[in-house]
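The values are calculated or read from the model by the stated rules, or taken from the named source; none is laboratory data. Not measured: the values here are computed from a predicted model. Because the Cβ atoms are built from the backbone with ideal geometry, glycine has one as well, and the counts that use them run over all protein chains shown.
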Amino acid sequence: MYVCNESDRTLLQERVHQFRGQVDRFLSGDLPEEEFKQLRLRNGLYMQLHAPMLRVAIPYGLLSSDQVRMLAHVARTYDRGYGHMTTRQNIQYNWLKLEQVPDLLADLARVGMHAIQTSGNVVRNISTDHLAGVAEDEIEDPRLWCELLRQWSTLHPEFYWLPRKFKIAVTGARKDRAAIRFHDIGLRIIERTDTETIFEVWVGGGLGRSPFKGQVIRERLPGKHLLSYVEAILRVYNLLGRRDNKHKARIKILVNALGIEEFRRRVEDEWQVLIDQVPLAAQDISKMRTHFTQPDYDTTAVELADRVTFDLERDSDFAAWYERNTRAHRQPGYRVVYVSLKAPGEAPGDISAPQLEQVASFADRYSFGEVRTTHGQNLVLADVPMMDLYNLWQGLRAHGLATPNIGTLADMICCPGGDYCSLANAGSLNVTRDLNRRFDSLDYLYDLGEIEIKISGCMNGCGHHHIGHIGVLGVEKHGQDWYQLTLGGASGEDGALGERLGKAVPAAKIADVFEALLTTYLNERDPGERFIDTWRRVGTEPFQRNVYGDPKKTAERSLAA
């Protein structure tokens, strides 16, 4: 992983010093709220319902064990003992005191961490595939390109006051696990030769109030031109993006207003000015590549991997966890392990300080001292020898981190909603609690198969409800929480926006609605079908009928009355 150098450390320390002065001036009344707002947002600080919230950057979801221990220290020292993993691979702390935030940032800087550009109208945290470097279907590890983009975009003077926030995702695998089609810019490595990396470039994706699936703006882009082409896109957006209406200020609105052909023409014209000015030199790419080499895998791990067969046969609980929470690894004798942050009764994505410390210890013992965060609000230990899986499972289970539910209905994505967020229209965590209580049988969850539930407390869509197999959007009606549902969303290479099921339902009925949806799925599905497959084949109507009743019969009853 990339390790901060002396220049990086100096920048972080000076940034903390600068922000400390801004906080002091605000608290003394010398800095007006409106001016302080723009400064705090660019340092990841929000004013939420109950307390300030800080979003800490985890670039492309990669952490060292020392950084994880620092996150535990922050949770224990400055918050209420826990943090919340987000769908952008970051972590948030929800119960801070404003006057302590500079001290918090100083502590983070000691391990090369910060909250720079995790908010504000800037280029946000660069995200990527959480299986980067270990996935069997990978063409090239995308993390070196993420780091190049991160260094280029951090505090970039031209793009520090964009019309609206800007998000970039990169993937290097054949299967898209980074949702590149739903980002402002999505970058996909499609070819790797001895001398060149070739990208496919998507633009104009995004969720929120006006969800759009991105479009391909360039089919083949050599990696040496990556920064200049991204800069050309940002320049066109910065020049033409709307600033009069924040709900229409995202690049997705501009792309769809101009049309992809006209937007492409403008970007290509701008790029011709830049193409020879900021090329990535081969030595720069090679130097960055040295930060993302394979770890020193144990060649004897292959010989001892058969031990896991014995453990699987003797312990059915371990077998269930192995099947649900581990994945194949490109290195023989190793396995990828998901650390589930979706234990029943816990808020999805929440992790306590003791749990963070345990994860750091497990990373040191079993996975070369590295931890990854995922878009699904879980963690990953990416390089675990198969011979160590049973011991790791026992350790995770002892600390509530081994619920065997990855990829099931219980592996829900959920924003903090009305419990914390000042923008939320309704609660979201209550929905997860209701669903976990209703569907508490692991056997039933396994029978349902892969199903993605995504829940947002407002139209901003931080829970990515638009691209869930079943999406849930909280709305407010007469002071009460109601929920609109969508079906058929997907985030990968089959990316699609969900279709609205029908009228909103009250909070008290949400678990009943899910039961009706799942019953319909089980009745309609063909062998081997996932929920999304069945919906694509039969459409929304059978699900609507089971939730709302047969509209024809309802009309007949009304006429008879």
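Here are some notes:
- Any hit, region 149-163, residues being buried (at least 24 other Cβ atoms within 10 Å of the Cβ) and modelled with pLDDT of 95 or more: no
- Pairs where the first residue, in region 302-329, is more than 14 Å from ILE406 (Cα to Cα) and the second is of a type in the set (A, V, I, L, M) and part of a loop (DSSP other than H, G, I, E, B), C-beta under 8 Å, 6+ apart: HIS329/VAL134
- Residue pairs whose Cβ atoms lie under 9 Å apart, sitting 6 or more positions apart in sequence or on different chains, and linking a residue in region 174-192 that is at pLDDT 95 or above and surrounded by fewer than 21 Cβ atoms within 10 Å (Cβ to Cβ) to a partner that is assigned to a strand (DSSP E or B) and acidic (Asp, Glu), are ARG174/GLU138; ILE190/GLU200; ILE190/GLU219.
- Yes/no for VAL302 being touching a Gly at 6+ places or on another chain (Cβ under 6 Å) and more than 21 Å from ASP141 (Cβ to Cβ): yes
- Hey, ASP481 among the acidic types (Asp, Glu) and within 19 Å of GLU346 (Cα to Cα) or not: no
- Considering residues of region 458-501 that are farther than 29 Å from ARG537 by Cβ and of a type in the set (D, E, K, R) only, the residue surrounded by the most Cβ atoms within 10 Å (Cβ to Cβ): ASP481
- Residue in region 101-108 that is within 25 Å of HIS465 (Cα to Cα), surrounded by fewer than 21 Cβ atoms within 10 Å (Cβ to Cβ) and not assigned by TED's automatic domain parsing to the domain that holds ASN425 present: no
- Hey, GLY376 closer than 20 Å to LEU445 by Cβ and either at pLDDT below 95 or surrounded by 22 or more Cβ atoms within 10 Å (Cβ to Cβ) (or both) or not: yes
- Residue in region 110-132 that is part of a helix (DSSP H, G or I) and either under 28 Å from SER7 (Cα atoms) or touching a residue at least 24 places away in the same chain (Cβ under 8 Å) (or both) present: no
- Top-ranked residue in region 118-144 [being touching a Ser or Thr at 6+ places or on another chain (Cβ under 7 Å) and surrounded by 24 or more Cβ atoms within 10 Å (Cβ to Cβ); ranked as nearest to TYR160 (Cα to Cα)]: VAL123
- Here ARG55 fits the description: crowded, with 21+ Cβ neighbours inside 10 Å, among the basic types (Lys, Arg) and not in a helix (DSSP H, G or I).
- Helices (runs of 4 or more DSSP H) wholly inside region 274-390 that include at least 1 residues being polar (S, T, N, Q) and not assigned by TED's automatic domain parsing to the domain that holds ARG76: 282-289, 307-314, 316-325, 353-366
- Test: LEU39 is assigned to a loop (DSSP other than H, G, I, E, B), over 19 Å from ALA424 (Cβ atoms), among the aliphatic types (A, V, I, L, M) and free of Cβ contacts under 8 Å to residues at least 40 places away in the same chain: no
- Any hit, region 229-248, residues being assigned to a loop (DSSP other than H, G, I, E, B) and either among the aliphatic types (A, V, I, L, M) or on the phi > 0 side of the Ramachandran plot (or both): no
- Residue ID - modelled with the highest pLDDT, chosen from residues in region 193-204 that are part of a loop (DSSP other than H, G, I, E, B) and of a type in the set (Ser, Thr, Tyr): THR193
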